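Student: Submitted below is the structure of interest, expressed as structure tokens.
The values are calculated or read from the model by the stated rules, or taken from the named source; none is laboratory data. Everything numeric here is computed off the predicted structure, so don't read it as measured data. Please note: Cβ atoms are built from the backbone with ideal geometry, for glycine as well, and neighbour counts cover all protein chains shown. Protein only, heavy atoms only, side chains kept; ligands, DNA and RNA dropped before computing areas. Shrake-Rupley method; radii C 1.70, N 1.55, O 1.52, S 1.80 Å.
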Amino acid sequence: MSARQFDQFRASSLYCQSCQKAMPVREKLLLVLPDRELYDYLCTSCGNAVGTREVTATDKLIEQKMAAQHGRNQVRIL
């Protein structure tokens with residue numbers, strides 16, 4: 001597993017200073033730029049911003065390609 005793969009992780013919980021503990025977070029799209037997207041992580045309890053994530057255009061293409069490959073590898077039972 002390469003270090004580049006770790007860039008694509010999404011947080012499910014982060015430490016919130018207001019709540020004084022790790023809390024579940026939700027991701028909110030802040031800004032769409034030609035070469036990247038900026039996201040903010042918000043605490044689900046108090047709504048404070050607890051982190052950020054940046055997705056470059058290259059990362060987005062890799063993510064889409066991996067999702068397409070993953071979909072092809074799955075067996076679908078009807």
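Student: If I ask for residues that are among the charged types (D, E, K, R), open to solvent by 90 Å² or more (accessible area, probe 1.4 Å) and either touching a residue at least 24 places away in the same chain (Cβ under 8 Å) or over 18 Å from Val55 (Cα atoms) (or both), which ones from the range 9-35 would you list?
Tutor: Listed by number, the residues that qualify are Arg10, Lys21.
Student: Right, another one. For the range 68-76, does any single residue satisfy the condition of being of a type outside the set (S, T, N, Q), assigned to a loop (DSSP other than H, G, I, E, B), modelled with pLDDT under 90 and out of contact with any Asp or Glu (no Cβ under 7 Å at 6 or more places or on another chain)?
Tutor: Checked the range 68-76: at least one residue is of a type outside the set (S, T, N, Q), assigned to a loop (DSSP other than H, G, I, E, B), modelled with pLDDT under 90 and out of contact with any Asp or Glu (no Cβ under 7 Å at 6 or more places or on another chain).
Student: When residues of the range 39-59 are filtered for being of a type outside the set (Asp, Glu), modelled with pLDDT under 95 and loosely packed, with under 14 Cβ neighbours inside 10 Å, how many remain?
Tutor: 4
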